[in-house]
Amino acid sequence: MRKVKLRYFGRLSEIIGSDNEIVELKHDKTLGILNAELQLKYPGLSKVHYLIFVNSTKATNLDIKINNTDEISFMPPFSGG
C-alpha cells in the first residue's frame, strides 16, 4: 500500500478539521479519483472552489496518477490586493 500526504490550506483546513492527513492508496489512483473520494468523505469540499498542487506544481489535469512520494496540497484561490 502507498501512503500519500495531503495538505489543506485556509478554509479547506477548517472543512477537513486538520491542515494535513496521510491517506493509504490500496491501488493506483488518479488525482481526479482521489479528489472525488475526498468530496464524499468531506461534503463541504464540494461547496468551495480550490486549486490542487502536486509536489508544489499546480495540477492542470486530474488524470495524473498519484505516486507514493507525492505531496498533494489543496488551496483556496489566491486573491491579489
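Among the residues of the range 49-62, those identified as touching a residue at least 12 places away in the same chain (Cβ under 8 Å) and either among the hydroxyl-bearing types (Ser, Thr, Tyr) or touching a helix residue (DSSP H, G or I) at 6+ places or on another chain (Cβ under 6 Å) (or both) are Tyr50, Ser56, Ala59, Leu62. Considering the range 6-24, the residues that are part of a strand (DSSP E or B) and β-branched (Val, Ile, Thr) include one that is surrounded by the most Cβ atoms within 10 Å (Cβ to Cβ), namely Val23.
Taking every residue in the range 27-41 that is touching a residue at least 12 places away in the same chain (Cβ under 8 Å) and pairing it with any residue that is small (Gly, Ala, Ser), at least 6 positions away or on another chain, the pairs with Cβ-Cβ distances below 8 Å are Leu31/Ala59. Residues that are surrounded by 11 or more Cβ atoms within 10 Å (Cβ to Cβ) and not polar (S, T, N, Q) were ranked within the range 71-81; the one that is farthest from Lys5 (Cα to Cα) is Pro76.
Any residue at all in the range 5-16 that's farther than 22 Å from Asn61 by Cα and without any contact (Cβ under 8 Å) to a residue 24 or more places away in the chain? There is at least one residue in the range 5-16 that is farther than 22 Å from Asn61 by Cα and without any contact (Cβ under 8 Å) to a residue 24 or more places away in the chain. Could you list, in sequence order, all residues of the range 29-70 that are among the hydroxyl-bearing types (Ser, Thr, Tyr) and either under 22 Å from Met1 (Cβ atoms) or crowded, with 16+ Cβ neighbours inside 10 Å (or both)? Once the filter is applied, which keeps residues that are among the hydroxyl-bearing types (Ser, Thr, Tyr) and either under 22 Å from Met1 (Cβ atoms) or crowded, with 16+ Cβ neighbours inside 10 Å (or both), the range 29-70 yields Thr30, Tyr42, Tyr50, Thr69. Would the range 25-32 turn up any residue that is out of contact with any Ser or Thr (no Cβ under 9 Å at 6 or more places or on another chain) and assigned to a helix (DSSP H, G or I)? Within the range 25-32, one or more residues are out of contact with any Ser or Thr (no Cβ under 9 Å at 6 or more places or on another chain) and assigned to a helix (DSSP H, G or I).
Every read-out reported here was derived from the displayed coordinates using simple, explicitly stated rules and does not represent laboratory data. Predicted, not measured: the structure shown is a model, and the values here were computed from it. Please note: Cβ atoms are built from the backbone with ideal geometry, for glycine as well, and neighbour counts cover all protein chains shown.
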